[in-house]
Amino acid sequence: MKTVNQNIQIDGIDKKILRALMADARTPILEIARQVGISGAAIHQRLRKLEKSKLIAGSKFVINPKVLGYTTMAYIGVFLDKAVSNPEAVRQLKKIPEVLECHYTTGNWSIFIKVLCKDNEHLMQVLNRDIQSITGVSRTETFISLDQQIERQIKI
């Protein structure tokens, strides 16, 4: 593995390791070692290098929100009265547990957020009580996701 111009270069073995872990992060290292044809110690060493290079940003369990009753996913474009309101608006958005992502964007909105709520009524409460009451927010535009049809990571 080499670093060239801030871009990491990975070889075929690294790609096989990454693909196995992206498919299931709980795959045992020794199972990956058998699939790839190198020792478990070599897998560990390569993973440490990939982590050090920051190509791997960690591993996590994925919670199925529907099991917990969260069925309404929405994307909200937030219009701010002025650009200097952004830092404070983001600080306030961080306090709202339903806000999963927040992006500073170009285009119509100042901020674009992804929220997850139990239902439409819950979404309306989050919008009215929490988001639209933030100082600097002039208005919002909401899009409800009917179904997530693609979810993936970048191809390795």
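The values are calculated or read from the model by the stated rules, or taken from the named source; none is laboratory data. Bear in mind the structure is a predicted one, so any value in this text is a computation, not a measurement. Here the Cβ is made from the backbone with ideal geometry for all residues, glycine too, and neighbour counts use every protein chain on show.
In this structure, is Leu68 more than 19 Å from Thr142 (Cα to Cα), buried (at least 18 other Cβ atoms within 10 Å of the Cβ) and not acidic (Asp, Glu)?
no
Residues that are touching a Ser or Thr at 6+ places or on another chain (Cβ under 8 Å) and at pLDDT 95 or above: find the strands (runs of 3 or more DSSP E) completely inside region 62-156 holding 2 or more of those.
Hits in region 62-156: 72-80, 111-117, 137-145.
Every residue in region 135-156 that is in contact with a helix residue (DSSP H, G or I) (Cβ under 8 Å, 6 or more places away or on another chain) and under 14 Å from Gly77 (Cα atoms), please.
Within region 135-156, Gly136, Val137, Thr140, Thr142, Ile144 qualify.
Give the residue that is surrounded by the most Cβ atoms within 10 Å (Cβ to Cβ), with candidates limited to residues of region 97-129 that are closer than 19 Å to Gly69 by Cβ and touching a Lys or Arg at 6+ places or on another chain (Cβ under 8 Å).
The qualifying residue surrounded by the most Cβ atoms within 10 Å (Cβ to Cβ) is Val99.
Please find, among Ala83, Ala89, Ala74, the residue that is more than 22 Å from Gln153 (Cβ to Cβ), surrounded by 13 or more Cβ atoms within 10 Å (Cβ to Cβ) and over 17 Å from the mean Cα position of the chain (by Cα).
Ala89
Does Val62 qualify as being among the β-branched types (Val, Ile, Thr), free of Cβ contacts under 8 Å to residues at least 40 places away in the same chain and closer than 30 Å to Thr27 by Cβ?
The answer is yes for Val62.
Which number in (1) assigned to a loop (DSSP other than H, G, I, E, B); (2) modelled with pLDDT of 95 or more; (3) exposed (fewer than 12 other Cβ atoms within 10 Å of the Cβ) marks the one condition that Leu30 misses?
Among (1) assigned to a loop (DSSP other than H, G, I, E, B); (2) modelled with pLDDT of 95 or more; (3) exposed (fewer than 12 other Cβ atoms within 10 Å of the Cβ), the lone unmet condition for Leu30 is (1).
Condition test on Glu88, is it among the acidic types (Asp, Glu) and without any contact (Cβ under 8 Å) to a residue 40 or more places away in the chain?
Judged against the criteria, Glu88 is not a match.
Is it the case that region 6-20 has a residue that's farther than 30 Å from Trp109 by Cα, of a type in the set (Gly, Ala, Ser), surrounded by 12 or more Cβ atoms within 10 Å (Cβ to Cβ) and without any contact (Cβ under 8 Å) to a residue 24 or more places away in the chain?
yes
Select from region 36-65 the residues that are surrounded by 14 or more Cβ atoms within 10 Å (Cβ to Cβ) and touching a helix residue (DSSP H, G or I) at 6+ places or on another chain (Cβ under 9 Å) and list them in ascending order.
Passing the criteria: Val36, Ile38, Gly40, Ala42, Ile43, Arg46, Leu47, Lys49, Leu50, Leu55, Ile56.
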